[in-house]
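Here is the structure we will look at, set down as structure tokens.
The values are calculated or read from the model by the stated rules, or taken from the named source; none is laboratory data. Bear in mind that the values here come from a model prediction, so they are computed numbers and not experimental data. Counting neighbours? That spans all protein chains shown, and the Cβs are built from the backbone with ideal geometry, glycine included.
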Amino acid sequence: MAAPVLERVTTGPGRRARRRPGARRRDHLIGWLLIAPALAYFLVFLLYPALSALYYSFTDWNLRTEASWVGLANYADLLFDDVKYPHFWKSVSVTLQYTLIAVPLTLVSALAQALLLNAIRRGANLFRLLLFLPVVTAEAAVGAIWRWLYDPQYGLINTLLGLVGVPGQNWLNTPELVIPALAFIAAWQCGISMIIYLAGLKGIPGSIQEAAIIDGAGPWQRFWRVTFPMLRPTTFYLLVTGVIAALQVFGLVYVIFSGNGRSVTGGPEQSGLTYVLHLYLFAFRYDAMGAACAMSFVLLVFIMIVTALQFRFVKQEAA
């Protein structure tokens, strides 16, 4: 009969069985083998590129020649040299405006959809699928569709506005309308936030809603006094992740403003030149990879500061 894996400790009653040293080593080895793929991915595709980008942010490098060390010159030029980097602060302004519009609009749209889905008793899964489709649709397809929807002559949006007597707009070629147009697309792609809000709604005990009804609270009062305060942790999570995502918006803007063989400049008067799009242009169009790496770490520090401020000043606990 094979020897048991566990050996009893006889020094006292009630003591638990201990594993032999060989078994413990085997468990440790199995544990390391199980996390090895994730660890290798982190080291090769996350940590090493990040450290490399940090190094190159202190260099002058164009991807073709050897990098030359310049110290903090890239950071100083980005922040203070308006001649060398004339659109840096413009991209910062555009990104902040987009974030201030897109994030609240996305949260409102997601919460409204979640409330409607939570009230549906039949066909909820079908509507959930339809509302989630914009999330899984390729950004290239989304950009092409919305370029057509915003078309000043043949776009569906201007056609619908004309039906109610509102004049059509040149959405993507009017500087004042570019950021709201992009923010509206972000609100349309709120499927993930909608699902998270829906999960939060499902987690609210029905007894609380019943007690509010018994006390005579109407639908609007129940929403503001019960539902929304109970969703505060969910809203905080979506606010933090939404701000981080908005500050890094790139793919959709790139697709929309590079269609029909046009060069990517961020729209009229750089009104859609977001920060990461500007970073991309420096890295792969202007042969300034060192400056692009510096821009990435400026963004990293800014995101960390904004996130810390949100944790400090935004309420997180449910009421």
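When we screen 63, 34, 29, 79 for residues that are under 24 Å from residue 295 (Cβ atoms), at pLDDT below 95 and assigned to a helix (DSSP H, G or I), the only hit is 79. For the stretch 27-34, the criterion of being under 30 Å from residue 242 (Cα atoms), free of Cβ contacts under 8 Å to residues at least 60 places away in the same chain and of a type outside the set (Ser, Thr, Tyr) is met by none of the residues.
Listed by position, the helices (runs of 4 or more DSSP H) enclosed by the stretch 208-319 that each have at least 1 residues that are touching a strand residue (DSSP E or B) at 6+ places or on another chain (Cβ under 6 Å) are 289-313.
Tallying residues that are of a type outside the set (Phe, Trp, Tyr), touching a Leu at 6+ places or on another chain (Cβ under 9 Å) and over 17 Å from residue 80 (Cβ atoms) within the stretch 270-306 yields 16.
The residue pairs whose first member lies in the stretch 264-279 and is under 13 Å from residue 178 (Cα atoms), whose second member is modelled with pLDDT under 85, and whose beta carbons are closer than 6 Å, counting only pairs six or more residues apart or on different chains, are 272/266; 273/266.
Would you mind stating whether residue 212 is crowded, with 16+ Cβ neighbours inside 10 Å and either in contact with an Asp or Glu (Cβ under 8 Å, 6 or more places away or on another chain) or farther than 26 Å from residue 100 by Cβ (or both)? Outline the logic, then answer.
Values: crowded, with 16+ Cβ neighbours inside 10 Å: yes; either in contact with an Asp or Glu (Cβ under 8 Å, 6 or more places away or on another chain) or farther than 26 Å from residue 100 by Cβ (or both): yes.
Yes.
Residue 145 passes every criterion in (1) farther than 21 Å from residue 251 by Cβ; (2) assigned to a helix (DSSP H, G or I) apart from (1). Here is a check on your reading of the model: is residue 227 at pLDDT 95 or above and of a type outside the set (A, V, I, L, M)? Judged against the criteria, residue 227 is not a match. You will find that of 117, 131, the residue that is at pLDDT below 90, surrounded by 15 or more Cβ atoms within 10 Å (Cβ to Cβ) and either in a helix (DSSP H, G or I) or under 19 Å from the mean Cα position of the chain (by Cα) (or both) is 131 and no other.
Yes or no: residue 185 in a helix (DSSP H, G or I) and under 16 Å from residue 110 (Cα atoms)? Taking the combined requirement at face value, the residue satisfies it.
Run down 175, 152, 167 and say which single residue is exposed (fewer than 15 other Cβ atoms within 10 Å of the Cβ) and touching an Asp or Glu at 6+ places or on another chain (Cβ under 8 Å).
On the way: 152 fails: touching an Asp or Glu at 6+ places or on another chain (Cβ under 8 Å); 167 fails: touching an Asp or Glu at 6+ places or on another chain (Cβ under 8 Å).
Criteria check complete, one pass: 175.
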